[in-house]
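Quick notes on the structure that follows.
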Amino acid sequence: MNQKKLGELSKKIMGAYEGALVSGMVYLGDEMGLYRAMDGRGPMTSGEVASQAGLHERFVHEWLCLQAAVGLVEYEGDGMFHLSAEAGVLLAHEDDLRSMARWFDNLPQRTALLSEIPRSFKTGVGISWADTERGGTSGRVQWMERLLRPWYEQVLVQSVLPELDGLIDDLNDGARVADVGCGSGVAVVTMAEAFPQSDFHGWEIAPLALDRCRENAIQAGVTNATFHDVRDGGLPEDGSFSFVATFDCVHDMTSPDDLATAIYKSLNSEGRWLIVDPTSKGSLEENLKLPLAVFGYAASVAGCLQSGMSESGGAGHGVFGLPAPAMQQLTERAGFSQFRQLDIDHAMNSYYEVRP
């Protein structure tokens, strides 16, 4: 027995457990508005924080002590706690692209799902995203919307779409566009607002997600966005679309090949498919060096792999199962002949333009 290695592993295990507990406290701080109550207000007592947030001081004080212990909030002595400007950006600024509090938004749903995941290990059948809506909860839908909305609204139209030569002109002139696996519809609505001459369609499988899609469209006042339930019919195979997008969902599909074939048949001869999917290096050795390797594999076991194996014979790619060469092969099997990786820097995702 290597005692040094034993000690190092025990610290890692305890760190993982502490991390889970701290994650819960970050979720509470965000949910209860505690970070926002402290943002930009300088040093505060626990009583002042509690008063600002409308909460009970004793519980707020204990929460602040934990925040100080982990280093998210600074303790300045004499009962004064301070949320730095840097911590404010990461934990209190909802619309900032650097904000991280929203990552914790679905922690209760993820934790609750742990009681069901053992069934997947025993049977080999995963839990689909639609199944996670059982009981009328839409935690994943809300979390994904909150997580991705700033990117869709601040980056997609401004920085990503212009990377596809000629697309902006097509959208300004009027094109037919599809977003497959559209989630809560934020990308569709954002593009529909930016390009009122184009006709946008979103496809989803989860009923609560579709409800949220339509709600977002109504709130934005767009009339050129329509949403469809995949179970009522998939993409039309008439070559009527000029642009199809899939954002972070190809790896989730039980049959990505069927998806690629359907998209190929839906596009006209000059059309294009934008794929945004997690970056993978193709081997465990290389993937372990990725900055978000731990997050990616954990999210895969608890979500993406579950979805990909939720039907018999499901592909089960998981988060890292489609590196660029495999993604290119998938598109070529469907009939596409042009595959280009876009030069867009992102912490988690790779971007591909695919054409017939």
Which is surrounded by 14 or more Cβ atoms within 10 Å (Cβ to Cβ), within 23 Å of R149 (Cβ to Cβ) and of a type in the set (V, I, T), of V73, V89? V89
In region 334-356, the residues that are farther than 20 Å from P291 by Cβ and in contact with an Asp or Glu (Cβ under 6 Å, 6 or more places away or on another chain): R340
Checked T279, T261, T254 against criteria (β-branched (V, I, T) and closer than 19 Å to S128 by Cβ); the one match is T254
Has region 144-152 got any residue that is touching a strand residue (DSSP E or B) at 6+ places or on another chain (Cβ under 9 Å) and within 30 Å of D238 (Cα to Cα)? yes
Considering residues of region 222-246 that are farther than 21 Å from P196 by Cα and of a type in the set (A, V, I, L, M, F, W, C) only, the residue modelled with the highest pLDDT: L235
Among the residues of region 233-240, is there at least one that is in the same structural domain as A347 (by TED's automatic domain parsing) and not in a loop (DSSP other than H, G, I, E, B)? no
Which helices (runs of 4 or more DSSP H) sit wholly inside region 9-101 and have at least 2 residues that are farther than 30 Å from A347 by Cβ, modelled with pLDDT of 95 or more and out of contact with any His (no Cβ under 8 Å at 6 or more places or on another chain)? 46-53, 57-70
Go over the candidates Y17, Y27 one by one and state the one that is in contact with an Asp or Glu (Cβ under 9 Å, 6 or more places away or on another chain) and either surrounded by fewer than 11 Cβ atoms within 10 Å (Cβ to Cβ) or aromatic (F, W, Y) (or both). Y27
Select, from K289, K265, the only residue that is farther than 13 Å from V250 by Cα and touching a Leu at 6+ places or on another chain (Cβ under 9 Å). K265
Please enumerate the residues belonging to region 118-146 that are at pLDDT 85 or above and surrounded by fewer than 17 Cβ atoms within 10 Å (Cβ to Cβ). P118, R119, F121, K122, T123, G124, V125
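The values are calculated or read from the model by the stated rules, or taken from the named source; none is laboratory data. Small disclaimer: the values here were computed from a predicted structure and weren't measured. Don't worry about glycine lacking a Cβ; one is built from the backbone with ideal geometry, like all the others, and counts go over all protein chains shown.
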